[in-house]
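Structure, as structure tokens:
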Amino acid sequence: MVHKRRSVGARTDRHTWIRIERRGLDKIGVPGWNGTECAARLEGIAQPVWRGCVVWREADEPVMWRVDETELLPSTPIGNAILSEDPKLRDTWWQAFNASLDALAEQDTSRVATPDTVTITQALVTEAIRSISPSHDFDTTVQSWVPAHADLHWANMTAPTFCLFDREDRGGAPRGLDSASLWGSSLAVPALADRVWRERRRDFESRGGKLMTLFVCSKILGPNAHPEDPRLTPTRRVAERIVSELQVG
């Protein structure tokens, strides 16, 4: 059994996986509630096949329950959200990874992404960037919004066979959010962070990708940052460089 921030998952006796979630009625119909079901319509993405769901309202409390059933993952999750060792992924893994992220960005969606369970908006992006660059004046307007996984890190992908799972936060987001999020999860392993940057160079070199990199930097450098986090120094260095590039551009 696997317990996550808002769900419990377990293997079934028919060799599938179920995810169980309980939510208050005020949270029904907002992004995050039926992400696994909605992701089933996506094409060209390596993800577990969705089998179906059961949803019901509890009789004595203002809550609803949801159970989604999917196929089992083809391989094991790569690691924790933040890696401390290089997983030494094959080139074929990176090819499958890129193909899925590219395919995801080409889909259409009416959902809005909820990274860290918070709905992403232009105001949220601007506030996050200003928190680490309050004295600099450059336009933080996001010009390109595309479908994103919105919780992309090493605990939500498998290897040696690539598969992307945990799709509850999926929805429209600024282009580059997924690439920047994975880069931020890789900074404790410099070679891995560099590989993510090379593989997703088109995202990182775009204006939106630079804004999303600063957005991720703000999470690492925020008030809850641990002083011994090995990601702090490289994050500050990259944030300073990107701020300079956006001011010039």
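Does at least one position in the stretch 20-38 carry a residue that is under 24 Å from P74 (Cβ atoms) and more than 18 Å from the chain's Cα centre (by Cα)? Let's see the steps before the verdict.
Within the stretch 20-38, the subset under 24 Å from P74 (Cβ atoms) is 20-21, 34-38.
Subsequent filtering for residues that are more than 18 Å from the chain's Cα centre (by Cα) retains 20-21.
Yes, there is a match, as at least one residue in the stretch 20-38 is under 24 Å from P74 (Cβ atoms) and more than 18 Å from the chain's Cα centre (by Cα).
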Item to check | Filtered residues of the stretch 54-76 (kept if buried (at least 17 other Cβ atoms within 10 Å of the Cβ) and either under 30 Å from A188 (Cα atoms) or of a type outside the set (A, V, I, L, M) (or both)) | outcome: R66, D68, E69, T70
Checklist outcome for this item: Considering residues that are buried (at least 24 other Cβ atoms within 10 Å of the Cβ) and more than 24 Å from I20 (Cβ to Cβ), the number found within the stretch 149-173 is 1
Checklist entry - Can you tell which of A193, A159 is in the same structural domain as A113 (by TED's automatic domain parsing), in contact (Cβ under 8 Å) with a residue 12 or more places away in the chain and under 27 Å from G35 (Cα atoms)? => result A159
Checklist entry - Given E199, E240, E205, which one is acidic (D, E) and over 27 Å from R90 (Cβ atoms)? => result E240
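Sort out which residues of the stretch 121-136 are assigned to a loop (DSSP other than H, G, I, E, B) and not polar (S, T, N, Q), and write them in order of number.
Of all residues in the stretch 121-136, those assigned to a loop (DSSP other than H, G, I, E, B) come to 121, 133-136.
Matches in the stretch 121-136: P134, H136.
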Item to check | First in the stretch 227-249 and on the phi < 0 side of the Ramachandran plot, second anywhere and surrounded by fewer than 12 Cβ atoms within 10 Å (Cβ to Cβ), Cβ under 6 Å, 6 or more apart | outcome: none
Checklist entry - So which of V67, V49 is among the hydrophobic types (A, V, I, L, M, F, W, C), modelled with pLDDT of 90 or more, over 16 Å from T161 (Cβ atoms) and not assigned by TED's automatic domain parsing to the domain that holds F97? => result V67
Next on the checklist: Tell me yes or no: at least one residue of the stretch 24-38 is surrounded by fewer than 16 Cβ atoms within 10 Å (Cβ to Cβ), assigned to a strand (DSSP E or B), of a type outside the set (V, I, T) and modelled with pLDDT under 90.
Outcome noted: yes
Checklist entry - Do we find a residue being outside any helix (DSSP H, G or I), closer than 30 Å to E71 by Cα and among the aliphatic types (A, V, I, L, M) anywhere in the stretch 175-193? => result no
Next on the checklist: Which count do you get for residues in the stretch 208-224 that are more than 11 Å from T235 (Cβ to Cβ) and surrounded by fewer than 18 Cβ atoms within 10 Å (Cβ to Cβ)?
Outcome noted: 2
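The values are calculated or read from the model by the stated rules, or taken from the named source; none is laboratory data. Since we're looking at a predicted model, the values are computed, not measured. Every residue, glycine among them, receives a Cβ derived from its backbone with ideal geometry; neighbour counts consider all protein chains shown.
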